[in-house]
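The values are calculated or read from the model by the stated rules, or taken from the named source; none is laboratory data. No experiment lies behind these values; they were computed from the predicted model shown. Cβ coordinates were reconstructed from backbone atoms using ideal geometry, including for glycine residues, and neighbour counts include every protein chain displayed. Areas reflect the complete protein model, heavy atoms only, side chains present, ligands, DNA and RNA absent. Shrake-Rupley method; radii C 1.70, N 1.55, O 1.52, S 1.80 Å.
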Amino acid sequence: MAHSAHAARSTRTRGSTHQDVGPPEPHEEGAVPRRAGNWRELAGRYALLPLRLFLGATFLYAGIDKLTDELFLQEAGLGSVGDLMSNVRDGSAVPRLVDLALHDPVSVGYAIAFAEIAVGTATLVGLLARTAALGGALVSLTLWLTVSWSATPYYYGNDLVYLLAWTPLVLAGARVLSLDARVAAGRTG
């Protein structure tokens with residue numbers, strides 16, 4: 001590369017020093033303009049945001065829907081949590097867990113609804129995002145092993161997909177547009 005007006009300069013990035021040689025020369029093979037590099041970096045930073053917003057909104061909605069459905073939070077009857085549990089018990093991967101829940105299905109229904117609201121809200125605002133995502137994964141795992149376990153073929157049961165969708169958020173957290181990011185910025189700045 002010919003030495004040009006874009007002389008090498010030293011910059012600090014995440015605690016390490018590297019040489020920034022400026023924009024690539026247009027004649028270099030495989031040269032990617034700096035704008036494209038910034039776009040890729042920006043896309044990488046925000047890549048999990050749509051997933052986080054979808055999961056947060058979906059879980060928040062699901063919890064509110066359970067609390068406002070006058071049929072769901074009943075021990076028995078069409079559309080009730082008790083009826084749902086009775087119907088899925090024999091096809092469940094862990095029927096003992098369903099039997100345990102059947103001792104007080106209304107309380108279990110409230111627990112699921114409040115867990116979904118807490119997970120959804122925390123995920124949307126990015127507060128304790130990894131913990132919230134782990135909670136969402138545990139709710140999804142529980143529902144997959146009980147409610148949607150007998151779905152055939154397996155990909156008809158959506159709880160497995162939700163379980164796997166939570167995994168990137170458990171691993172990465174909420175790095176942008178989140179309360180976690182604001183707290184982290186306050187610690188370093």
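Model label points for D99 and V125, set 7 angstrom from Cα along the Cα-to-Cβ axis, are 4.2 nm apart. Each peptide in 161-172, 109-120 receives the mean, over its residues, of other Cβ atoms within 10 Å, and ordering these scores from highest gives 109-120, 161-172.
For the range 61-125, with all protein chains present and a 1.4 Å probe, just round the carbon and sulfur fraction of the accessible area to a whole percent.
Working: 2260 of 3700 Å².
For the range 61-125, the apolar C and S fraction of the accessible surface comes to 61 percent.
Over the C-alpha atoms of the range 26-183, the Rg to Rh ratio, Rh being the Kirkwood estimate, stands at 1.14. Per residue, the solvent-accessible area of the range 125-189 (1.4 Å probe, heavy atoms of protein chains only, all protein chains present) comes to 61 Å².
With a cut-off of 11 Å between beta carbons, the residues surrounding A137 carry a summed charge of 0, where Lys and Arg count +1 and Asp and Glu -1.
Let me check I've understood the local charge: for A47, count other residues with C-beta under 14 angstrom from its C-beta, Lys and Arg +1, Asp and Glu -1. What total comes out?
+3
Extension gain, F54 to A111, is 18.4 nm, computed as 0.36 nm per intervening residue step minus the present C-alpha separation.
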